[in-house]
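The structure appears right after this line, and notes come after that.
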Amino acid sequence: MASPEQIVQLRDLGAATVYEAQGAKGALDNSLKPIDPASRLAGPALTVDTRPADNLMLHYALLKAKPGDVLVVDAKGFMEAGPWGDVLTVQAMKAGVAGLVINGCVRDAGTIIGLGFPVFCRGLSIKSTTKVQAGKLDVPVDIGGVVINPGDIVVGDRDGLVVVPQAEVASAIASSLAREHKEDQMRQAIAQGASTAELLGLTDTLTRLGLV
């Protein structure tokens, strides 16, 4: 399992850096957005497979959640209901949940933003839900074209969301730190007059295409 220190490192490195550093994989599709662009999250996934327009499993998941968990909910991309709102947010925060990623909608966005709870979703809907249908907890879910397994680390910020498999946390951090170091060197070189075309070895390609 990832240590708390590793999770903080991944959060601070950011979704884009982690995605690129782990070989341009694990990015969820760009329709999943934070309701507050300032939101950042990272933590192990507590996965929830629920039926559209029913939030019984979300209430159940909060009975099982551990501090630091990120609820990752497959609500099947349904856009005409808001199965998560301010009351569930208060309970999630009381349980120490680090944030929510939901393949669907939420409501009470203003209150949630005011509470400072990170939420990534496909949109907002004020429409209500039932609380009668069973689902599954701690199973693989497919969200945004990426399979997320229980315990995988989810990293999110205003750029997007990326998933790091449990077994690859250490290597993802090492690669991300190396990428940050390389980009720092590029910034310094640019400040001294170098161009991105030179630094990235693009001159031959530009010449071949008749652009220089």
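The values are calculated or read from the model by the stated rules, or taken from the named source; none is laboratory data. All values derive from a computational prediction rather than experimental measurement. Counting neighbours? That spans all protein chains shown, and the Cβs are built from the backbone with ideal geometry, glycine included.
For this structure, a couple of remarks:
- Residues in region 135-171 that are part of a loop (DSSP other than H, G, I, E, B) and at pLDDT 95 or above: Gly135, Asp138, Val139, Pro140, Asn149, Pro150, Gly151, Asp152, Arg158, Asp159, Pro165.
- Checked against (1) out of contact with any strand residue (DSSP E or B) (no Cβ under 7 Å at 6 or more places or on another chain); (2) at pLDDT 95 or above; (3) on the phi > 0 side of the Ramachandran plot, Ile190 passes all but a single condition, namely (3).
- Condition met for Leu32 (closer than 15 Å to Ile148 by Cα, surrounded by fewer than 24 Cβ atoms within 10 Å (Cβ to Cβ) and of a type outside the set (Phe, Trp, Tyr)): yes
- Residues that are touching a helix residue (DSSP H, G or I) at 6+ places or on another chain (Cβ under 7 Å) and part of a loop (DSSP other than H, G, I, E, B), drawn from region 20-41: Gln22, Gly26, Ile35, Asp36, Arg40
- Residues in region 134-173 that are closer than 23 Å to Lys64 by Cβ, of a type in the set (Asp, Glu), surrounded by 14 or more Cβ atoms within 10 Å (Cβ to Cβ) and under 14 Å from the mean Cα position of the chain (by Cα): Asp152 alone.
- Test for Val106: is it closer than 25 Å to Gln22 by Cα and among the β-branched types (Val, Ile, Thr): no
- Taken as a whole, the condition of being closer than 18 Å to Asn149 by Cα and crowded, with 22+ Cβ neighbours inside 10 Å applies to Leu58.
So that you can scan it fast, the table gives a plain yes or no per residue for (1) over 30 Å from Asp184 (Cα atoms); (2) free of Cβ contacts under 8 Å to residues at least 40 places away in the same chain; (3) more than 14 Å from the chain's Cα centre (by Cα):
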{"residue": "Gly14", "(1), (2), (3)": "no, no, no"}
{"residue": "Thr17", "(1), (2), (3)": "no, no, no"}
{"residue": "Lys33", "(1), (2), (3)": "no, no, no"}
{"residue": "Pro44", "(1), (2), (3)": "no, no, no"}
{"residue": "Pro52", "(1), (2), (3)": "yes, no, yes"}
{"residue": "Leu62", "(1), (2), (3)": "yes, yes, yes"}
{"residue": "Ala81", "(1), (2), (3)": "yes, no, yes"}
{"residue": "Ala92", "(1), (2), (3)": "yes, yes, yes"}
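- Qualifying position, being among the small types (Gly, Ala, Ser) and in contact with a strand residue (DSSP E or B) (Cβ under 9 Å, 6 or more places away or on another chain), among Gly145, Gly201: Gly145
Okay, residues lined up against (1) acidic (Asp, Glu); (2) touching a helix residue (DSSP H, G or I) at 6+ places or on another chain (Cβ under 6 Å); (3) under 15 Å from Glu20 (Cα atoms):
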position	(1), (2), (3)
Thr130	no, no, no
Asp157	yes, yes, yes
Ser175	no, yes, yes
Leu202	no, no, no
Val212	no, yes, no
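- Residues in region 77-129 that are in a loop (DSSP other than H, G, I, E, B), aliphatic (A, V, I, L, M) and surrounded by 19 or more Cβ atoms within 10 Å (Cβ to Cβ): Ala81, Val97, Ala98.
- Hey, Leu177 modelled with pLDDT of 95 or more and assigned to a strand (DSSP E or B) or not: no
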